[in-house]
Amino acid sequence: MTHEQLMASAPSYALDALDPTERAAFEAHLAGCPECRDAVATYREVAGALAHAAVPVEPRDAAALRERVMREARTVRPMGIVTRRTPNGSVPVRPTFVAAPRPPRRLVPWAVAITSLAAAAAFAFVYRAERERSARLSSELTSLRAEVARDDSVLAAFVGPEVHVVSLTVANAKPAVRVFWNHTSKQFIVTSFGLQPAPPGRTYQLWAIRKGQAPLSMGTFAVNATGRTMTTLTVPPAIIAGGLIDDCALTVEPDGGSPQPTEYPRLVGSWRHVD
Amino acid sequence: MSPDQRVASPASASAMVAAMASGDENALGSLYDAFGAVAYGLAYAITGTHAKAEAAVASAFADAWRSAGAFDASRTSVLAWLTGLVRRSALVQTPPDRHRPDSAATSGAPTPVGRALRALTEPQRRALELSYYAGLSVSEIAARLGVPESGTRELLRTAMNDLRSALSPTGTFDDQAMTRA
């Protein structure tokens, strides 16, 4: 496709209206075409101006909405403010990643205990009432044990003395991503649930943070339509060489990942040993 | 959000975002006071309900607060950046098949851009409204309007060029010019 043909798609691109294959072709061209990048920037300004065509509408409760805006913003900003002392005083600098406060400890152990008790009671009832089925149940149990044994290799990656884990979350929310670091196999295992898939052309990227140092990429991953993944990443040599890391952060980056994060972290967490 | 609070100069708006990036929560409040009205009008035009518009605006300003550090004033205006966030949040609030852009709401403002939008041809305006307010893609707009995809891209291109000429003969965009009635 010629430059002129692609240029004709710039307004549609600026409106996010290109279909995925067209968008991919246009973005490939955009990377090497300053003229099209300028055109897209101009059309984005036109799109921004379009907001002023909408008829002004007063919110139902302006004060309550302003309060909500401020409150919701506080829940997503996982950053601390870092200041650098200079002879002239304290100057704000681009914050380095700082872990968000941990959410309150959840009551999962209780839930597990209650569920287990219920299951045990149910099993006892079944056993008494349907003794004749016990042989078949026993056989099924043997089969289940065999399945568990087959999964041992998977489980080994998650537990053991050489595994660290980090839960990535925002304040007051369930963790959306957990990363297990198996030092023996030199692997990160990334699990997620309820994580919105990254927009087209973009990918999730994890960052290892050592306090006072630039973030190191741990790798990229994608989630399925339901927000789940179990992705194994090889631990990069630079991370192994530096020893333990303090924190972990998640950003959304252009496909293929970035050398350094291009946005504030969406989720952060601190590493801890599996116990 | 009185009308005289709606306009911030590009330089002061950029300064607000820079202050947000360094953690100044008051700057977020200032940004909201400057752009909350246009954000709400846009969110309401897209979602059609107060509840969804409120959710979209709160989500968009949370996004702005989170990503203020990535804002680049040399590449985009605060208006384009922020309304882009509002538009995406509002479209997420409303399933695609529920979008029914209402021209009276989406292009009825007595502003230069409202007048420029009303001056477009009917097919141009419909294509632009289905894209901007309903979030439809070129192929979806083509199906809705019964025109080829190439023709739809051309409608969007000429509509955007006409708006650009009407709004910015000098090639610059100024939020104060956008809101002058």
Per-residue average of other protein chain Cβ atoms inside 10 Å, peptide B:14-26 -> 3
Residue mean of other protein chain beta carbons inside 10 Å, B:48-59 = 3
Go through A:12-25, B:38-51, A:237-250 and give me the packing order, highest mean Cβ count within 10 Å leading.
-> B:38-51, A:12-25, A:237-250
What are the residues whose amide H is under 5 Å from the amide H of A:GLY219, where those residues sit 5 or more places off or on another chain and H is modelled from the backbone?
-> A:LEU206
Amide H to amide H under 5 Å from A:GLN187: which residues, 5+ apart in sequence or cross-chain, H placed 1.01 Å off N in plane?
-> A:ASN182, A:VAL235
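Roughly how crowded by other chains is peptide A:19-28, in terms of the mean Cβ count from those chains within 10 Å of each of its Cβ atoms?
1
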Label-point gap, in nm, between A:ALA62 and A:THR262 - each point 7 angstrom along Cα→Cβ = 3.8
HN-Hα J couplings of segment B:48-57 from phi, Karplus 6.51/-1.76/1.60, θ = phi - 60°, integer Hz, Gly and Pro as x?
-> x, 9, 5, 4, 6, 5, 4, 4, 5, 5
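Any read-out appearing in this document is the output of simple, stated calculations on the displayed coordinates, not a laboratory observation. Here the structure is a predicted model, which means the values were calculated and not measured. Heads up, the Cβs are rebuilt from the backbone with ideal geometry, glycines too, and the neighbour counts pull from every protein chain shown.
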